[in-house]
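The values are calculated or read from the model by the stated rules, or taken from the named source; none is laboratory data. Everything numeric in this text was worked out from a predicted model, so none of it was measured. Cβ placement follows ideal geometry from the backbone for every residue including glycine, while neighbour counts extend to all protein chains displayed.
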């Protein structure tokens, strides 16, 4: 709870509160608290537990389809997200949150350690991949501390890490079409054992590599988020147009 650094006027969203192990401590520090819980029985227990607390709203809903924008305070401001993310949907949810990152001030999540390592990985490392690029382009990632499995009952088979995500003032690299950027990154890492020349051959990228100063013989994990953004921007024109493009044209 301390790592969330909650302000007394902030609106918090707790994802997957379960039986409310953190909920009361969070409520003591914020102005409004929204609880998003998929399990109908757990949502009912939370509703009953906080029935007399006007600052708490329980949403019995799948977080993957939840409308976070609807919770933004009418007079402006942004949301603070916190939660122990279900391991089976953590990566999907993180990618999904990119579409609402403009209404998020920060997020503190407990994740499977493997996912946390992927988020914080550096280009060229084994853990570096699509998730690293997609999240790292728009957020800073801090690994705060590890959580021993024996802290839970029953003891899980995986180790956990608490991370903090803070949206950047603006995404790394030039302004690009987000769907095009996502598709380029997905295509590259779906064939990560190939060189970027072969992985992205569908895009006819030869001139783009030259414009962006990228060695076409390296593998996708060697490219930074800015490299991918630059490629997306240059490839937004036809391959022929790339011959006369420069990075200054797309910034």
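Residues in segment 1-35 that are closer than 17 Å to residue 45 by Cα and part of a strand (DSSP E or B): 14, 15, 33, 34, 35.
Residues of segment 11-22 that are more than 20 Å from residue 103 (Cα to Cα) and surrounded by 21 or more Cβ atoms within 10 Å (Cβ to Cβ): 17 alone. Among the residues that make up segment 165-172, is at least one of them free of Cβ contacts under 8 Å to residues at least 24 places away in the same chain and either over 26 Å from residue 224 (Cβ atoms) or crowded, with 17+ Cβ neighbours inside 10 Å (or both)? Within segment 165-172 (the criterion being free of Cβ contacts under 8 Å to residues at least 24 places away in the same chain and either over 26 Å from residue 224 (Cβ atoms) or crowded, with 17+ Cβ neighbours inside 10 Å (or both)), the answer is no, since none of the residues qualifies. Condition (residue is more than 24 Å from residue 100 (Cα to Cα), free of Cβ contacts under 8 Å to residues at least 60 places away in the same chain and out of contact with any helix residue (DSSP H, G or I) (no Cβ under 8 Å at 6 or more places or on another chain)) applied to segment 54-64: is it met by at least one residue? Yes; the residues of segment 54-64 include at least one that is more than 24 Å from residue 100 (Cα to Cα), free of Cβ contacts under 8 Å to residues at least 60 places away in the same chain and out of contact with any helix residue (DSSP H, G or I) (no Cβ under 8 Å at 6 or more places or on another chain). The criterion of at least 2 residues that are out of contact with any helix residue (DSSP H, G or I) (no Cβ under 8 Å at 6 or more places or on another chain) and not assigned by TED's automatic domain parsing to the domain that holds residue 192 is met by the following strands (runs of 3 or more DSSP E) wholly inside segment 66-168: 79-84, 104-112, 139-147.
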